[in-house]
Amino acid sequence: MPATPNSAETLDAPGRAVVLLSGGLDSATVLAIARRDGFACHALSIDYGQRHRFELECAARVARALGAIDHKTVAVDLRAFGGSALTADIDVPTHERVDEIGSTIPITYVPARNLVFLALAVAYAETLGASDVFIGVNAVDYSGYPDCRPAFVSAFENVANLATKAGVEGRRLHVNTPIIEMSKAEIIRTGASLGVDYALTTSCYNPPAPMLACGHCDSCLLRRQGFEQAGVPDPTRYAG
Ligand code: ZN
């Protein structure tokens with residue numbers, strides 16, 4: 001659904017949005033879309049103890065490059081719980097090809113991550129008087145994470161409006177997922193047309209060095225295939 005920053009519900013703070021920004025390709029594209037649609041964007045990144053923590057530096061650069069009003073990073077250390085290859089001492093699975101990625105929920109799933117992130121984004125939005133939250137979840141070229149599905153996002157939006165003063169007082173919060181139905185190639189083409197510099201972004205779950213991607217985790221494989229299918233030059237440096 002297209003974002004409508006000038007709807008009657010947003011008169012008290014027209015067009016202000018919180019955009020969850022990871023430093024990756026998807027959320028950078030979402031920030032560019034939210035800017036295109038006229039939103040004044042407050043970027044929000046979460047330092048959750050991810051092993052690919054370097055992505056937070058990328059998020060800061062992306063926020064600046066795409067004209068976010070500000071950029072906050074909030075620390076919520078999910079290593080306290082672990083249970084994921086991204087937050088515990090568990091190897092990140094690697095493959096040679098995209099079709100080797102399994103159909104079950106992989107060990108890189110971080111328990112309830114998007115539920116936690118969206119809750120934080122809604123809390124921030126409420127303090128800003130913002131009507132909209134943007135998140136770069138994608139249900140097409142993704143790893144099978146349950147918290148990337150439209151049913152989850154729609155249910156969460158209901159919860160957000162039940163849980164907040166803004167919602168109870170009739171200032172509805174909207175959770176926007178502009179790339180949820182796009183393929184990775186469509187995401188890249190959209191972002192490229194909006195001037196996203198993907199050289200600023202990182203996708204790798206287990207980067208051997210800053211701005212160097214492993215080339216074999218699920219995220220690297222999907223990113224590389226996305227650029228190939230989009231016909232857009234891939235600025236990523238892959239180790240293998
Ligand atoms: Zn990788």
Quick one: of the DSSP bridges fully inside the range 13-230, what percent are antiparallel, nearest 5? 5 percent
Which of the GluC sites (Glu not before Pro) across the range 73-139 are loop residues per DSSP, with 14 or fewer other Cβ within 10 Å? GLU96
Electrostatic dipole magnitude of the range 9-92 [Cβ: Lys, Arg +1; Asp, Glu -1; Cα centre; debye, to 20]: 240 debye
Explain nothing, just the number: dipole magnitude of the range 13-230 about its Cα centre with +1 on each Lys and Arg Cβ and -1 on each Asp and Glu Cβ, in debye rounded to the nearest 20. 520 debye
Mind checking the full-extension length gain between VAL116 and ALA80? Use 0.36 nm per residue of separation minus the Cα-Cα distance, one decimal, nm. 11.6 nm
With charges only on Cβ, +1 for K and R and -1 for D and E, what is the dipole size of the range 150-240 about its Cα centre, in debye, rounded to 20? 160 debye
Tensor-based shape of the chain (alpha-carbon gyration tensor, a/c under 1.5 rounded, otherwise prolate or oblate): prolate
Please give the net charge around VAL92, taking every other residue with its beta carbon less than 9 angstrom from that of VAL92, where Lys and Arg add +1 and Asp and Glu add -1. -1
Between THR127 and GLU228, what length comes free when the chain is fully extended (0.36 nm per residue of separation minus the Cα-Cα distance, one decimal in nm)? 32.2 nm
Enumerate the amide H contacts of MET182 below 5 Å, restricted to partners 5 or more residues apart or on another chain; note that Pro and chain-start residues carry no placed amide H. ALA139
Within a 10 angstrom radius of the beta carbon, how do THR127, THR104 rank from fewest other beta carbons to most? THR104, THR127
What order do you get for ARG172, ARG224, ARG53, ARG97 when you list them from fewest to most C-beta neighbours inside 10 Å? ARG97, ARG53, ARG172, ARG224
Mean ellipticity per residue at 222 nm, deg cm²/dmol - from DSSP H runs of n ≥ 4 across the chain, formula -39500 (n - 2.57): -10000 deg cm²/dmol
Among VAL30, VAL62, VAL116, determine the one that fluctuates most according to a GNM of the chain built with springs between C-alpha atoms less than 10 Å apart. VAL116
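Readers should treat all values here as calculations from the given coordinates under stated rules, not as data from a laboratory. Nothing here was measured: the structure is a model prediction, and the numbers come from that model. Note that we place each Cβ from the backbone using ideal geometry, even for glycine, and neighbour counts take in every protein chain shown.
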